[in-house]
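The values are calculated or read from the model by the stated rules, or taken from the named source; none is laboratory data. In this text, all values refer to a predicted model and were calculated from it rather than measured experimentally. Backbone-built Cβ (ideal geometry, glycine too); neighbour counts: all protein chains shown.
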Amino acid sequence: MKVLIISANRNLYPEPVMPAGACMAAEAAHRAGHEVKFLDLMFERAPLPAVRQAIKDFEPDATGLSIRNIDNNDLSGPARFYEEPGAIAQTIRQTADGPLIIGGAALSVMPRELMVKTGADIAVLADGEKVFPAVLDALSSGRTTQTIEGTARMENGLFVSVPFTKRPMPACPPPYEKWLNTRRYLSMLSTAPMLTKIGCHFECVYCTYRKLDEKAPYGLMEPKEAACNIERLFKTGFRDIEFVDNVFNSPPGHAVSICEEVIKRKVRARLHTVELNPLFISEELVRAMEKAGFAGVGITAESASDPVLERLKKGFRVEHLIKAAQIMRKSSLPCLWIFMLGGPGETPETVSETLRFSQKYLKPNDAVFFNAGIRIYPKTGLEEIARREGLLSLAPADMLEPVFYLSPHINFDWLLRQVEGALDGNLNMIDIRSIQSGYLPWIRRAFSGLGMKPPLWRHTAAIRRGMRFLGIEKSKNQKNSGRIE
């Protein structure tokens, strides 16, 4: 079959993300004998004309549409990313023959809603590098796709899915350079994504990830295979490679083993992850990551208050955060700490605990990210909490529209003032508005032109200092700036 695959994601913030899943699907379809054309809309100024032209030139027998994000998780300024795939799907329907097949990370979160939004014939829910070729093979031979595991469809207004019976396993990263303008991505300080595990045994109330693999906690890539993949990516021109596992250091032995294999092969790639769980941060792990060539790590702390951590079901306590901070203080690894404020159990006192922790225990050059409010997705513990507390009345089918949880004990304007005060007095701190600033593309180009490498967040203090010097960012110069109320 002639297959057109379209990557719909056009979000450039904080940096463009290479569409790993769509590239995997394209490569798998190509290896299965199909003729594949890939259209990446990331840098297209006029995406709908680009879609029409690609369909006119290629005349596909089937079209695949990859949808990465539903929205930007920003309570103060929500962006509805699902709208553009809906318009793209309509354009496909108007100009192309054959079935429309949708996939991508967003499908694991709200598959029914996105099928309705796009009018797709078939949805590939996960494991696209296996499921997508199976769908194409069935279509090309005139067989039904209704029994293929990992697919879904709409029947008389009802969402019908075929569940997996086998545990999904992480696939090798695709040859990005074959399908993408990788030079454009790299010029914007993008990293090459790589997955080494599927599944997670943590029970965070806001997370949708566990739905991908409920029967077994992990599908793990062998450490030797992971190291070989890193080496291959490095040899094909990717100097910065990012582990996009849901939690990189769980199980901790797997992460250490990957690092040891990378060290053995003497791969000189710069490695990244922003998914370290504080519970499993150890001196052994940090030493291994340093030797393996990590250029930056992120720690998903979410809160530094035990009552909030317990309500979020994070599986660790503040004592684990303190221990992790003490270990990182001894390390040369640049570190980004990530916090979500306003979750279940949050009060003015717990907000103050988190802000004080960020000032007391972290290294002065650590970057700190704060977000206010938590996006609520269907079939999560957070949805149950919000409904029980009377904070959510929307039906699940209407939750494509961004809806957020904010503790009833917190005033949102007060919370924003607390974050702004912390940022004003601490140049190493940022919030979601910082990473969506209109100046960010200019900053990326300047840093890339100077030969600076990812992660950009490691230069947070220097960037904010420069922006203040240029008058782009203005300090409030308040006497209580940086003081926690």
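Quick rundown of the values:
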quantity: Looking only at the stretch 48-65, and only at residues there that are touching a helix residue (DSSP H, G or I) at 6+ places or on another chain (Cβ under 7 Å) and under 15 Å from Pro99 (Cβ atoms), the one that is surrounded by the fewest Cβ atoms within 10 Å (Cβ to Cβ); calculated: Ile55
quantity: Filtered residues of the stretch 350-386 (kept if of a type outside the set (Phe, Trp, Tyr), touching a Leu at 6+ places or on another chain (Cβ under 9 Å) and either surrounded by fewer than 16 Cβ atoms within 10 Å (Cβ to Cβ) or in a loop (DSSP other than H, G, I, E, B) (or both)); calculated: Asp366, Gly373, Ile376
quantity: Considering residues of the stretch 447-485 that are closer than 24 Å to Val17 by Cβ and among the hydroxyl-bearing types (Ser, Thr, Tyr) only, the residue modelled with the highest pLDDT; calculated: Thr460
quantity: Of the criteria (1) aromatic (Phe, Trp, Tyr); (2) modelled with pLDDT of 95 or more; (3) buried (at least 17 other Cβ atoms within 10 Å of the Cβ), which one Phe412 fails; calculated: (3)
quantity: Long-range neighbours under 9 Å by Cβ, at least six apart or interchain, first residue in contact (Cβ under 8 Å) with a residue 60 or more places away in the chain within the stretch 53-67, second surrounded by fewer than 24 Cβ atoms within 10 Å (Cβ to Cβ) and of a type in the set (Lys, Arg); calculated: Asp61/Lys2; Ala62/Lys2
quantity: Test result for Thr273, in contact with a strand residue (DSSP E or B) (Cβ under 7 Å, 6 or more places away or on another chain) and of a type in the set (S, T, N, Q); calculated: yes
quantity: Residue match in the stretch 276-283 (condition: under 14 Å from Leu333 (Cβ atoms) and among the aliphatic types (A, V, I, L, M)); calculated: yes
quantity: Hey, Asn73 at positive phi, outside any helix (DSSP H, G or I) and among the polar types (S, T, N, Q) or not; calculated: yes
quantity: Qualifying residue in the stretch 51-62 (condition: aliphatic (A, V, I, L, M), at pLDDT 95 or above and either assigned to a strand (DSSP E or B) or under 19 Å from the mean Cα position of the chain (by Cα) (or both)); calculated: yes
quantity: The stretch 309-355: number of residues that are touching a strand residue (DSSP E or B) at 6+ places or on another chain (Cβ under 8 Å), under 17 Å from Gly381 (Cβ atoms) and in contact (Cβ under 8 Å) with a residue 24 or more places away in the chain; calculated: 6
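Yes/no matrix, rows are residues, columns are (1) surrounded by 15 or more Cβ atoms within 10 Å (Cβ to Cβ); (2) among the basic types (Lys, Arg); (3) modelled with pLDDT of 95 or more; (4) within 19 Å of Ala22 (Cβ to Cβ):
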| residue | (1), (2), (3), (4) |
| --- | --- |
| Ser140 | yes, no, yes, no |
| Arg153 | yes, yes, yes, no |
| Phe159 | yes, no, yes, no |
| Phe164 | yes, no, no, no |
| Pro174 | yes, no, yes, yes |
| Glu177 | yes, no, yes, yes |
| Thr182 | yes, no, yes, yes |
| Tyr185 | yes, no, yes, yes |
| Ser190 | yes, no, yes, yes |
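Residue-by-condition table, conditions (1) within 30 Å of Leu400 (Cα to Cα); (2) at pLDDT below 95:
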position	(1), (2)
Phe202	yes, yes
Tyr206	yes, no
Tyr209	yes, yes
Glu214	yes, yes
Met221	no, no
Phe234	no, no
Phe243	yes, no
Val256	no, no
Leu279	no, no
